[in-house]
1. Once a ≥ b ≥ c are taken as the square roots of the eigenvalues of the Cα gyration tensor of segment 86-230, is the result rounded (a/c under 1.5), prolate (a/b larger than b/c) or oblate (a/b not larger than b/c)?
2. So between THR496 and GLN566, what do we pick up on full extension, going 0.36 nm a residue minus the alpha carbon distance?
3. For GLU269, GLU160, GLU296, give me the order by solvent-accessible area with a 1.4 Å probe, most accessible first, ignoring ligands, DNA and RNA.
4. Ignoring ligands, DNA and RNA, how do SER321, SER612 rank by accessible area with a 1.4 Å probe, largest first?
5. Towards the positive end of the charge dipole of the chain, with charges on Cβ (+1 Lys, Arg; -1 Asp, Glu), say which of ASN463, THR220, ASN443 has the farthest Cα.
6. What is the antiparallel percent of DSSP beta bridges lying wholly in the chain, to the nearest 5?
7. Hey, can you rank 202-213, 254-265, 185-196 by average C-beta count inside 10 Å, highest first?
8. Which FRET efficiency value, to the nearest 0.05, is calculated for TYR195 and GLU353 with the Förster distance at 25 angstrom and r the Cβ-Cβ distance?
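The values are calculated or read from the model by the stated rules, or taken from the named source; none is laboratory data. Quick caveat: nothing in here was measured; it's all calculated off a predicted structure. So basically every Cβ, Gly included, is an ideal-geometry build from the backbone, and we count neighbours across all protein chains shown. In case anyone asks, the SASA skips ligands and DNA or RNA and just uses the protein heavy atoms, side chains included. Shrake-Rupley method; radii C 1.70, N 1.55, O 1.52, S 1.80 Å.
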Amino acid sequence: MKTLQIILIFSVCILGYSCQTKSGYRWKSSPEGKVLNHHGYTIGVLLRPEEIKGISFTDKIEAMDSTLLKITRTYTASETFDSVRLMLAFEVNSPSHYAMIPSVNYNGNEWGRGKEPKGFKHEDQWWTVSFRATPIPGATYSEGEKYAVALWGENPIRPEDAFSCSIQPEEHKTTHCLIYPEEEMPLTYSARDRYMDGYRKKMSLKKGESKTVVAYLHVTEAKPQHRAMQKFLKIAWQMAENDTPAVYSPEKIWQLAIRYAKESLWVEEGTFKGFSIGLTRDRNAGWIQRRSWKYEIGWCGQNASFANSFLTDYLKTGDKSSLEMGLACLDTWANHAVLPNGLFITNYDIILENSEDRTLDACNLGTAALNYFEAADLVKQCNIERPAYEEVALDICRFVKEDQQENGVYGRGWKKDGECVYREGTVGCFLVPPMIEAYHRTNDKSYLESAIRAYNHYLEQLNEDGFTTAGALDTWCIDKESAISLLRSALRLYRTIQDARYLNDAVHVSYYLSTWLWHYNGVYPPDDDFTRYGYKTFGGTSVSTQHRHIDPYALFWITEWFELSQLTNDPQWKEKALAIWRNGCQLVSDGTLEINGLHRPAGSQNEAFYESNWAYISQRGEKERINQWLVAWPGAFRLETLRHLQDWSVLD
């Protein structure tokens, strides 16, 4: 038996010696391979492999539309090979000004303090990553001097057909690669800031056996602000599988989320009445509320949002316990968390522990302000007076407005005395939506002017860098969560000012968010958690470049994508919103659900789904794709989505 590594890249175009699309893209043979030209400009080459005795191959190139080419490659062995490595690569005839593997690597991941893979090489070896870590199978994207190029593969039908990808920017060229079989080299990024040895899976070819792979090559002219990626992403969505799981009705999802918050998350400790951040495993194979850093106004804890949903539940059902608990939570924070300078203590643990060294972050502050504005309206509908609720929100906005920098930037985090300790990252944009709301409630234009200055700053960062940063508060890296505030701000400014620029911005931000959205359902072995429990990856979103796993956090922007779809008459945003909803409602326990030997309380759902190798194999050697951290925020976000949707039937 022979062992052979083979780099195979192009030989024959079945369509003929020279292939041309209707839009002027033209293939010509050359010693290097098949060269792609457009109106006389050489875009790149589908590389020719070394001549390998014992393996022949053919390529078929089809023009799917004016910018999309489908490459079908078939390898046939005339001898038996014990181990082969196949590569399909397109070499762009230009250095890249921007290179990306969606959800994995944004122009080298140089921003931030995390230890996720930086650059495109490690110790002079190109990084390769499993297609399972990418939201579009094996997608790579680059922007050169004149053209933007994307290459991706076809989702495998069988687990054993898994493959990998790599993007390789150099001084004068950029190479996009699909690699068969699956590998991650030279190391595997295995957990936050941790690595394991790299691996290459084994693929053999028997005599007379063929192996067919399919790749999609998208080429379009480069545009400013990385907007050329929009067409590639729109086409990729049109090709998406759109296979979603059956989930509970919105009515049952509402009931289960309220039940989980009441039965499992409610807590009274000292002066605190509100909601725990979530449940963790105890030593007796049961569940306990987390014992540290456990009471949070927003982000993972979502106390304010839960409270508003409880007030809404009272208005829907007349359940007085919902009213009492919602008010008790909001009153607890309003009575004890407000600081004289207008800031707000974002984690109640600071109060219980009398801590001075904790940071009050922009994500939690923005969430607190926005929810207290909403709470002020909800209590009026309940015929209850709570003027302090609106004042809590306005105090936060006043402080932030006065602290704003000349360039428009807000802060990322402050000490209790008002000293700003961090300003880096897009996360400060979480304060823009409540500033716009403060303008509507006070008619004070200084709030709107402040919001626009901040928004312009954060949007310009996205336009320049091609990514947003630092919204995921347990990381310090490129992420998706920080972009939510940009989307929300753009739509609020559009509603306020009626300037089409903001609507265009909302589309722009939404395409960036789409680079984190799973367009397919991964296929896993029969004994895998995802297979056994029926979890589908389609519609999930990866967290950040530092945390490579799927979660349902995108529930947080569903209503914005429904609105965007209506405003732009573009169905993709509604389709994506529905995919997110159905993905995020999977494996919500009805009280009988058992996963990996543990019964889950009614309404609970875990936070992380490990779709690739990241965290799949724990440091103890365990293999679980579905983690056992029943955090509060997924239920809060499902409730928030429902309370902001007037017609729940759109989710059916």
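1. oblate
2. 23.5 nm
3. GLU160, GLU269, GLU296
4. Result, largest first: SER321, SER612.
5. Projecting each Cα onto the dipole axis, the largest value belongs to THR220.
6. Of all bridge pairs located within the chain, approximately 95 percent are antiparallel.
7. 254-265, 185-196, 202-213
8. For R0 = 25 Å, the calculated efficiency reads 0.10.
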